[in-house]
1. Enumerate the pairs (first residue in the stretch A:185-214 and at positive phi; second residue anywhere and in a loop (DSSP other than H, G, I, E, B)) with beta-carbon separation below 7 Å, excluding pairs fewer than 6 apart on the same chain, so at least 6 apart or on different chains.
2. With the checklist (1) closer than 23 Å to A:Ser278 by Cα; (2) modelled with pLDDT of 90 or more in hand, flag the one item B:Asp62 doesn't pass.
3. Identify the residue in the stretch B:26-37 that is in a loop (DSSP other than H, G, I, E, B) and more than 7 Å from chain A (Cβ to nearest Cβ) and, among all such residues, is least open to solvent (accessible area, probe 1.4 Å).
4. Is it true that B:Phe63 is over 17 Å from the mean Cα position of the chain (by Cα) and either under 24 Å from A:Lys222 (Cβ atoms) or touching a residue at least 24 places away in the same chain (Cβ under 8 Å) (or both)?
5. Would you call A:Val207 touching a Ser or Thr at 6+ places or on another chain (Cβ under 9 Å), β-branched (Val, Ile, Thr) and farther than 27 Å from B:Asp84 by Cα?
6. Restricting attention to the stretch A:268-279, does a residue exist that is farther than 16 Å from A:Glu184 by Cα and either touching a Cys at 6+ places or on another chain (Cβ under 9 Å) or away from chain B (no Cβ under 14 Å) (or both)?
7. Out of the stretch A:226-259, which residues are acidic (Asp, Glu) and either more than 14 Å from chain B (Cβ to nearest Cβ) or in contact with a Gly (Cβ under 6 Å, 6 or more places away or on another chain) (or both)?
8. Can you pull out the residues in the stretch A:252-271 that are in contact with a Phe, Trp or Tyr (Cβ under 6 Å, 6 or more places away or on another chain) and free of Cβ contacts under 8 Å to residues at least 24 places away in the same chain?
Amino acid sequence: MSVEETNVDLGFDPTLKKKKKKSTKTVEESNEATPEVDDVLSGLKKKKKKSKDSKSTPDADEINTDDVTDSLGELKLKKKKKKSSTPVPDDDFDKQLEKLGLDETNTTNTNTAETITDDDVNAQQSKYGLPYDGLLSRFFQILKKNNPELAGERSGTKFKIPPPVCQREGNKKTAFANVQEISEKLQRSPEHLISYLFAELGTSGSVDGQKRLIIKGRFQPKQLENVLRRYIIEYVTCKTCKSINTQLKKESSNRLFFLVCNSCGSTRSVSSIKTGFSAQIGKRKKM
Amino acid sequence: MSSIQNLNKIDPFADTGDDDTQPTNYIHIRIQQRNGRKTLTTVQGLPDEYDLKRIVRALKKDFACNGNIVKDEELGEVIQLQGDQRVKVMEFLTSQLGLQKKNIKIHGF
């Protein structure tokens, strides 16, 4: 077996936790078997192993191989070694390890696209076991990197509705200039929106030549915004998925309005717009 | 036999008591603009078992405004009050008459 061979082998070796653990175990066993290791040391190792093997392994390794510091590359290397050649004497083994360790660390850093933080986490893992906080943050890092919409980030599809533009038309009327634009954004017919506005505000009005809505009465843009907000909640948003991408359909059989969501496909019935009672204002009714 | 829970007799169609299904009779509280900055509040759809006359009397006194009852052909009797009393009426209906908030709808700006 040669250095090149091991390198090639290691190219296949992904940084999987399972494999790492296995490797550490094998290394330990081999170390215990070799005559060079002190009896005391081996005894210590055994004790530790019983209690916690993942914690004990790096210590033992450090003692055995002084020069190699990067535990990750080292562990991987050792494992490969064991598989290929068990009866190699320990001196050669260590020397080769050192060589390979240097080579290997370089190759892993260049080959695998792991970030520095990942390496740090791996090192930590081999030292202290697996801390929950670290695992959690790593999971979210990976999740954010690969599919951010699952990590609670909205992917910019939030709809923006232009604020209502209001002008005073004379003394008693208000011109709502961008009804057309808003109704297009909401994918509703302007008539539907206008009838809702009239029902809610308890007034009447008309659409003028520039497609502006003239409402009788004085209204502030903020007031109209409130009404628009309620319209959107009732007639536009899908209750199941909060999407605004919906259609209003009229069922011909029962003459009911249904809201069909285009993104999740759910359907809900909406009540038709009712004007309700409107009091007599101004002149009295002629009897 | 009764020790086996699965064999106990349970009527799945029995009334559980927590029904939320009475969507038809909402109470609507609306506002209308009059001349100038004057407004009018209408309360429509109060249940029949309440005495509207007494309610109006109490409302007038509480809110310090005038009010009356208007009879409509389709909608029955409607309370009219001077000024924007929507929130106050809502509070009155829930606290004094014990009506549920989800059955009351406030309209207007």
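1. A:Gly202/A:Ser278; A:Gly202/B:Gly108
2. (1)
3. To start, the set of residues in the stretch B:26-37 that are in a loop (DSSP other than H, G, I, E, B) comprises B:26, B:34-37.
Now drop any that are not more than 7 Å from chain A (Cβ to nearest Cβ), which leaves B:26, B:35-37.
On the way: B:Tyr26: 66, B:Asn35: 95, B:Gly36: 45, B:Arg37: 224 Å².
Top of the filtered list is B:Gly36.
4. Spelling it out, B:Phe63 is indeed over 17 Å from the mean Cα position of the chain (by Cα) and either under 24 Å from A:Lys222 (Cβ atoms) or touching a residue at least 24 places away in the same chain (Cβ under 8 Å) (or both).
5. For A:Val207, the condition - touching a Ser or Thr at 6+ places or on another chain (Cβ under 9 Å), β-branched (Val, Ile, Thr) and farther than 27 Å from B:Asp84 by Cα - is not met.
6. We begin by selecting, within the stretch A:268-279, every residue farther than 16 Å from A:Glu184 by Cα; these are A:268-279.
Add one more test, that the residue is either touching a Cys at 6+ places or on another chain (Cβ under 9 Å) or away from chain B (no Cβ under 14 Å) (or both), and what stays is A:268.
Yes, some residue in the stretch A:268-279 is farther than 16 Å from A:Glu184 by Cα and either touching a Cys at 6+ places or on another chain (Cβ under 9 Å) or away from chain B (no Cβ under 14 Å) (or both).
7. Result: A:Glu251, single match.
8. Residues satisfying the conditions are A:Thr267, A:Ser269.
The values are calculated or read from the model by the stated rules, or taken from the named source; none is laboratory data. Quick caveat: nothing in here was measured; it's all calculated off a predicted structure. Quick reminder, even Gly has a Cβ in these numbers, built from the backbone with ideal geometry, and neighbours come from all protein chains shown. Just the protein is used for accessible areas: all its heavy atoms, side chains included, with ligands, DNA and RNA removed. Shrake-Rupley method; radii C 1.70, N 1.55, O 1.52, S 1.80 Å.
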